[in-house]
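Colleague: Sharing a structure with you now.
Each reported figure results from applying straightforward, stated rules to the coordinates on display, with no laboratory input. Everything numeric in this text was worked out from a predicted model, so none of it was measured. When we count neighbours, we look across all protein chains shown, and the Cβ atoms used for this are built from the backbone with ideal geometry, even at glycine.
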Amino acid sequence: MQNAIERFRAAKIVPVIVLDAPDQAVPLAKALLAQGITAAEVTFRTPAAAEGIRRIAAEVPDIFVGAGTVLTEDELLRAKEAGAQFAVAPGLDPAILDKASEIGLPFCPGVATASEFMAAVRLGCEMVKFFPARDAGGIPALKSILAALGHTGVQVMPTGGITEATAPDWLAIPQVVCVGGSWMVKPILASL
């Protein structure tokens with residue numbers, strides 16, 4: 001996971017992508033890369049996800065591509081087979097954590113409360129997704145949680161309600177390695 005954390009830290013911004021068709025994947029990835037964005041989370045909210053990941057991994061290797069909204073072990077396996085370099089979930093499921101460890105895929109579960117942070121740390125997570133970041137109390141909530149749990153070393157990817165204007169404030173928190181968002185994706189998808 002440490003290598004993935006370094007890749008996230010270098011990227012700073014991880015676009016959250018919902019593909020309607022696999023044909024959108026490569027042009028979108030190339031457009032993101034042209035803007036200096038080097039990571040992407042393709043969500044498993046549509047049937048196009050696995051094929052989109054496969055195409056990005058094969059044709060745009062400079063993008064650190066992963067799978068988002070991974071809700072089952074089967075989706076995790078499909079993501080890995082497609083070439084995902086990481087996976088992210090909106091919640092914390094120990095069975096998916098175990099499977100991710102078994103197959104060697106860096107996995108970032110979603111947490112929103114101090115109890116969920118504690119459970120993730122206890123289960124060995126080095127990085128978590130604070131989700132839904134804005135609606136779970138925003139920066140004040142995350143700072144409060146990290147005041148109590150920051151000594152654990154857990155790193156954080158806030159996602160949900162983050163905008164271009166608020167991203168720098170989130171990134172100013174030392175444990176935040178990157179932020180997830182879709183503000184940069186929608187205009188590009190509209191132009192494809």
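Colleague: Give me the compactness ratio for segment 1-105, meaning the Cα radius of gyration over 2.2 N^0.38 Å. Don't skip to the end; give the middle numbers.
Modeller: On the way: Rg = 12.7 Å, N = 105, 2.2 N^0.38 = 12.9 Å.
Against the empirical 2.2 N^0.38 Å value, I get 0.98 for segment 1-105.
Colleague: Take the residue pairs 99/186; 30/80; 12/143; 12/80; 12/186; 30/129 and return only those whose Cα atoms are more than 27 Å apart.
Modeller: The answer is 99/186.
Colleague: Okay, moving on. Compute the distance in nm between two label points, each set 7 Å from the Cα along the Cα-to-Cβ direction, one at residue 81 and one at residue 9.
Modeller: 3.5 nm
Colleague: Nearest 500 deg cm²/dmol is fine: what mean residue ellipticity at 222 nm does the chain get from its DSSP H runs of n ≥ 4 alone, each adding -39,500 (n - 2.57), divided by its residue count?
Modeller: On the way: 9 runs with 84 residues, N = 192.
Computed ellipticity for the chain at 222 nm equals -12500 deg cm²/dmol.
Colleague: Restricting the calculation to Cα positions, tell me the Rg (one decimal) and the Dmax (whole number) of segment 64-121 in Å.
Modeller: Spelled out, the Cα radius of gyration and Dmax of segment 64-121 are 10.9, 33 Å.
Colleague: What residues qualify as long-range amide H neighbours of residue 129, i.e. H under 5 Å apart, gap of 5 or more or another chain, H built at 1.01 Å from N?
Modeller: 110, 111, 157
Colleague: What whole-number value in cubic angstrom gives the convex hull volume per residue for the C-alpha atoms of the chain? Don't jump to the answer; show the numbers that get you there.
Modeller: Working: hull volume 19.4 nm³, N = 192.
Here the figure is 101 Å³ per residue.
Colleague: Counting only DSSP beta bridges with both residues in segment 21-133, tell me the antiparallel percent, nearest 5. Provide the component values of the computation, followed by the final result.
Modeller: Numbers: 0 of 10 bridges.
Bridges in segment 21-133 that DSSP calls antiparallel: roughly 0 percent.
Colleague: Here's a follow-up. Charges only on Cβ, +1 for Lys and Arg, -1 for Asp and Glu: so what's the dipole of segment 67-192 about the Cα centre, in debye to the nearest 20? Mind showing how you got there, number by number?
Modeller: Values: 8 positive and 12 negative charges, 57 e Å.
In debye, rounded to 20, segment 67-192 gives about 280.
Colleague: Full-extension gain between residue 123 and residue 72, please, as 0.36 nm times their residue separation minus the C-alpha to C-alpha distance.
Modeller: Details: separation 51, 0.36 × 51 = 18.36 nm, distance 1.75 nm.
Value of the extension gain: 16.6 nm.
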